[in-house]
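One structure below.
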Amino acid sequence: MKIDFIEVAFPKTGGLVVFSFDDGPFSGFAKQVDEAGNGQLTRAAKLGKYNGRFGQHVMVVAPVGIEASYLLLVGLGKANELDALKARKIGGKLITEFLAQGETAVAIAVDVAQSSSLNAANLAANITFGACLRHHRFEKYRTGQRRYRKSTVDTLQVMTEMPLETEQSFTPMREVAMGVLLTRDLVTEPGNVIYPESYIEQIDALRDLGVEIEVLGANEMRQQGMGALLGVAQGSEREPQLAVMHWRGGAAEEAPVAFVGKGVTFDSGGISLKAVKGMEEMKYDMAGSAVVVGLMKALAGRKAKVNVVGVVGLVENMPSGRAQRPGDVVTSMSGQTIEVINTDCEGRLVLADALWYTQHTYRPRCMIDLATLTYAVIAALGSEFAGVFSNDDGLVEALTEAGGAVGEPVWRLPLTQRFDKLIDSEIADMKNCSDRPGDAIMAAQFLQRFVNGVPWVHIDIAGTAWKRESSNLARKGATGYGVQLLNQFVLDNFE
């Protein structure tokens with residue numbers, strides 16, 4: 001979608017959007033539109049019982065007095081309650097309306113009075129950001145007549161009284177949006193397209209943004225002693241990979257902030273085979289890694305002034321004559337031994353070695369890992385909150401604040417010694433799971449044994465990475481949850 005920032009003017013074609021606040025008068029331009037149509041907008045608002053409540057809208061087809069094909073009046077709610085997140089949702093709402101109409105060109109007139117928390121440029125930029133996120137659609141594999149029948153919005157004109165300032169405000173947001181959309185695309189790709197080796201090719205594209213990339217193959221991981229990660233991969237014909245991405249935007253001597261992602265590109269469950277129903281969705285068991293990749297793209301794209309290292313462990317978990325068995329014992333890079341009770345509890349094994357490698361090699365200021373790790377977190381929190389576990393209260397508070405600001409909320413769950421004891425093994429240092437309730441907590445307790453005291457947060461995104469219903473900012477499917485959260489976290493705390 002091509003985006004232009006221009007002065008406010010009557011468009012010659014396409015759709016036109018104007019706004020008003022709750023119970024407030026039409027903006028200057030909306031008033032001009034109403035006058036051009038001899039009060040048609042006023043009449044439409046009255047008949048539609050429109051009063052400017054947040055998200056309320058009225059569509060006028062073939063409006064009188066102007067050349068636009070559609071006129072959309074959208075309510076912004078109370079001026080003193082309008083913030084960046086609400087503005088983004090408005091952008092998603094309005095683009096949804098025009099996608100439904102099949103309109104290819106949309107002009108948005110953002111000349112409403114300044115709100116208490118957003119100036120006119122920031123308001124327009126955030127509306128544009130939301131429109132970008134909601135507009136995105138994955139249709140790579142639809143062909144011919146089976147492609148989406150409804151057209152896409154090809155051009156978006158954002159009309160303001162300060163177009164240059166609006167474009168400057170939107171520029172870093174555009175980079176974050178591109179990171180979110182990359183994450184969505186990676187998660188949506190099928191397992192025969194995204195597997196460890198091909199995933200590396202996608203990651204390599206970040207070099208163009210100045211991201212430095214290192215890749216460890218199976219031999220290098222064996223030399224490092226990564227028996228936990230390699231154990232998961234041994235049943236697949238696909239060779240595992242460990243990708244390390246460096247963004248060096250801070251001072252040379254500054255320790256990095258580290259992000260670690262689970263990248264199981266397809267999870268059959270291994271010998272502990274999953275049920276048939278829903279197994280096709282296990283292509284998105286690499287969503288944690290995709291968030292890290294999307295985040296690195298966003299940070300590099302907006303030239304974040306911070307040093308960051310992103311580490312993703314990439315494997316397939318498949319059943320075969322070579323696959324690890326329930327009851328096997330593997331030795332992790334840390335030297336700790338693990339009894340594999342269930343081969344479908346594989347993500348924590350991948351993260352165990354990835355976390356240890358990250359803290360051991362890069363000595364980060366803090367580590368945050370992301371994974372679609374457990375169904376238990378979905379049972380606890382549904383699809384609205386990601387579960388977080390941590391050894392550092394300050395990190396959790398910072399993430400909670402960042403999540404609230406961007407609409408990607410987190411909810412802290414406990415870590416306790418009682419749950420930690422449940423993963424003790426009778427024949428090894430620990431086992432990878434237990435048959436007791438509370439698996440999300442036990443998984444986090446397991447991971448904590450590999451952080452070596454570094455300030456750390458584990459984010460279980462099993463419920464938030466993929467949704468079955470559309471939202472204001474995303475179609476159903478891959479959400480890209482986590483990129484905005486972590487970008488805001490970095491911006492607020494490390495830049």
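The accessible surface of the stretch 253-366, taken with every protein chain in place and a 1.4 Å probe, is 54 percent carbon and sulfur. Backbone amide hydrogens, once placed in the peptide plane, bring residue 365 within less than 5 Å of 257, 258, excluding anything fewer than 5 places away on its chain.
Can you tell me the 0 to 90 degree angle between the C-alpha axis of helix 163-188 and the longest principal axis of the chain, rounded to 10? Orientation of helix 163-188: about 40 degrees from the principal axis.
With all protein chains present, how much of the accessible area of the stretch 1-79 (probe radius 1.4 Å) comes from carbon and sulfur, to the nearest whole percent? Can you show the working numbers first?
On the way: 2060 of 3820 Å².
Of the solvent-accessible surface of the stretch 1-79, carbon and sulfur hold 54 percent.
Directionally averaged projected area (the chain, Cα convex hull): 24.1 nm².
How much accessible area per residue does the stretch 231-306 have, in Å², with a 1.4 Å probe? Walk me through the numbers on the way to the answer.
Details: 2550 Å² over 76 residues.
Accessible surface, normalised per residue, equals 34 Å².
Pairs of Cα atoms in the stretch 83-123 fall into 10 Å distance bins, from 0 up to the last occupied one, in shares of 25, 49, 24, 3 percent.
In this calculation the C-beta distance from residue 336 to residue 392 is compared with R0 = 30 Å, giving a FRET efficiency of 0.85.
A cysteine counts as unpartnered when no other cysteine's C-beta lies under 4.7 Å of its own; in the chain this applies to 132, 366. Normalised by residue number, the volume inside the convex hull of the Cα atoms of the stretch 195-248 is 74 Å³ per residue.
A cut-off of 5 Å between modelled amide H atoms, ignoring neighbours fewer than 5 places along the same chain, links residue 17 with 72, 107, 108, 109. For the stretch 25-32, backbone phi angles converted through the Karplus equation (6.51, -1.76, 1.60; θ = phi - 60°) give residue-by-residue couplings of x, 4, 5, x, 6, 4, 5, 5 Hz, Gly and Pro being listed as x. Pairs spanning more than 31 Å between alpha-carbon atoms, out of 297/431; 31/297; 78/283; 89/262: 297/431; 31/297; 78/283.
Let's test the formula: R0 of 30 Å, r as the Cβ-Cβ distance of residue 418 and residue 360. What FRET efficiency results, to the nearest 0.05? Using R0 = 30 Å, I get an efficiency of 0.55. On C-alpha positions alone, give me the angle between the axis of helix 120-135 and the longest principal axis of the chain, in degrees, nearest 10. Compared with the principal axis, the helix lies near 60 degrees. With a ≥ b ≥ c the root eigenvalues of the C-alpha gyration tensor of the stretch 439-495, is it rounded (a/c under 1.5), prolate (a/b larger than b/c) or oblate? Cα axes put the stretch 439-495 in the oblate bin. Note on the stretch 253-409: Kirkwood hydrodynamic radius from all Cα pairs is 17.1 Å, rounded to one decimal.
The smallest convex shape that holds all Cα atoms of the stretch 280-366, its convex hull, gives 114 Å³ per residue. With kT/(6 pi eta Rh) evaluated at 25 °C and eta = 0.890 mPa s, and Rh the Kirkwood radius from Cα pairs, the stretch 398-495 diffuses with a coefficient of 157 µm²/s according to Stokes-Einstein.
The values are calculated or read from the model by the stated rules, or taken from the named source; none is laboratory data. No experiment lies behind these values; they were computed from the predicted model shown. Please note: Cβ atoms are built from the backbone with ideal geometry, for glycine as well, and neighbour counts cover all protein chains shown. Heads up: the accessible areas ignore ligands, DNA and RNA and are worked out on the full protein's heavy atoms, side chains in. Shrake-Rupley method; radii C 1.70, N 1.55, O 1.52, S 1.80 Å.
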